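Every read-out reported here was derived from the displayed coordinates using simple, explicitly stated rules and does not represent laboratory data. In this text the structure is predicted, and so the values were computed from the model without any measurement. A quick note on method: Cβ atoms are made from the backbone with ideal geometry, for glycine too, and the neighbour counts reach across all protein chains shown.
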Amino acid sequence: IGPNCVGFARFHEGLCAIAEPIPQNLRAGEASLISNSGAMLSGLLQSLALNGLGLDACYSIGNGAGFDLVQAVEDAAQRGTTRVICALVEAIPGQERLAMAIRQGRQRGCEFVFLLLGHSQGARAIAASHTGAVLGEGSLARAWLSEQGVAVVDSVPELGHTASLLARIGRLEPTRGVMIVAGSGGACGLAADILARRNVPLASLSAATVEKLQRQLPEGSRPGNPLDIVSGSSQQRGEICRTLCADPGVGILLEPIAVIWADDSPERIRHRETISSISEAAQA
C-alpha cells in the first residue's frame with residue numbers, strides 16, 4: 001500500500017492498520033474507500049458512517065508508487081462484499097487501466113463515487129507535491145469519469161450522500177424501483193433524467209395505489225411517477241407519502257427539496273413540516 005500513506009483496513013476481517021484517528025461508530029458493511037490523501041481519511045470515513053454506510057475495505061494509497069488507484073479498485077471489486085467504491089482522487093495513473101478496472105467492477109455489481117481534486121491551479125500544485133502526477137483539466141477528467149459510469153462529486157458530504165443513495169439503489173429488488181415526488185414539475189423532470197442516465201428503474205404503481213392517490217391528491221395533481229404535488233397541506237403530503245411507501249413496487253421514495261427560507265424566517269416551518277412528513281412515512 002502506498003507509499004507516503006497512513007495504511008489500510010479490512011473491516012469484515014476486523015483488521016484496521018490506519019495511522020490516523022477514525023470514527024468510533026464505524027461498522028463492517030458494503031462501502032470501500034480509496035484516498036490519495038491520508039489526512040482526509042478520517043473525514044471521508046465519517047461522511048460514509050454518518051450516511052448509514054458500513055465499511056468494507058479502506059486504502060490510503062499515498063502517491064501510488066507501489067499500490068495505486070487502479071490496484072485498489074481491482075482489489076475492492078474482487079472482495080465480493082463491496083457494493084460502492086468511493087475515492088478521493090488526485091491522480092489517474094492510466095486511463096485505459098482505470099477504465100478496465102471500473103468496467104469489471106460494474107460487471108460485478110459495484111457502483112463508483114469519486115471526489116476529484118485538481119480543478120484549480122492551487123489544487124493541481126498540491127496534487128503534484130503529493131503524487132507527482134496531476135489530473136490536468138478537471139472538467140475533462142470529470143467528463144471522462146462520467147462516461148465510465150462514475151458519479152463525480154464536489155465535497156466530502158456529497159460523497160457520503162451519493163454513496164448512500166447508490167448503495168440503496170444497488171439493494172433494490174428486481175420488482176421494485178424509485179418513486180419520485182416533488183412540489184415542482186421541473187424537479188421531477190430533473191430527478192427522472194438523472195436516474196435514466198444511470199439506468200435506475202422507476203417504480204410502477206399498482207392499480208390500488210393509483211385509486212387511493214386519486215382521492216388523496218390535491219386538485220391539479222395526477223397519479224404517476226414522477227408525481228408533482230402542486231399544493232396541499234403537510235398532513236396531505238404525509239398521507240400521500242405513506243400510500244406510496246406501502247406500494248409493493250416502490251423500493252425508494254425520492255423527494256428533491258430546495259430549502260429557500262432563512263433560519264429565522266417564519267416560513268421555515270414549511271420545510272420542517274415537509275421533512276417530518278417524509279420521516280414519518282419512512283418510519284411507518
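General observations
- Most simply put, region 1-70 has about 60% antiparallel DSSP beta bridges, counting only bridges with both residues inside it.
- Alpha carbon centroid spacing (whole Å) that separates region 216-284 from region 23-44: 33
- Peptides 183-193, 266-276 ordered by average Cβ neighbours within 10 Å, highest first: 183-193, 266-276
- Working ranking of peptides 49-58, 91-100 by packing, defined as the average number of other Cβ atoms within 10 Å per residue, highest first, is 49-58, 91-100.
- Taking each DSSP H run with n ≥ 4 as -39500 (n - 2.57) and averaging over every residue of the chain yields -13000 deg cm²/dmol at 222 nm.
- Among beta bridges from DSSP that stay inside the chain, the antiparallel ones total about 25%.
- Radius of gyration and Dmax over the Cα atoms of the chain, both given in Å: 21.0, 63
- Total charge dipole magnitude, the chain, about the Cα centre, Cβ charges on Lys, Arg, Asp, Glu only, Debye to nearest 20: 480
- Full extension of the chain segment joining ALA246 with GLU219 gains 7.5 nm, where the gain is 0.36 nm per residue of separation less the Cα-Cα distance.
- Helix 95-107 vs. the chain, principal-axis angle (Cα, 0 to 90°, nearest 10): 50
- When the alpha carbon coordinates of region 46-120 are projected onto the principal axes, the ranges are 30, 29, 22 Å, largest first.
- Most to least packed among 203-216, 169-182 [average Cβ atoms within 10 Å]: 169-182, 203-216
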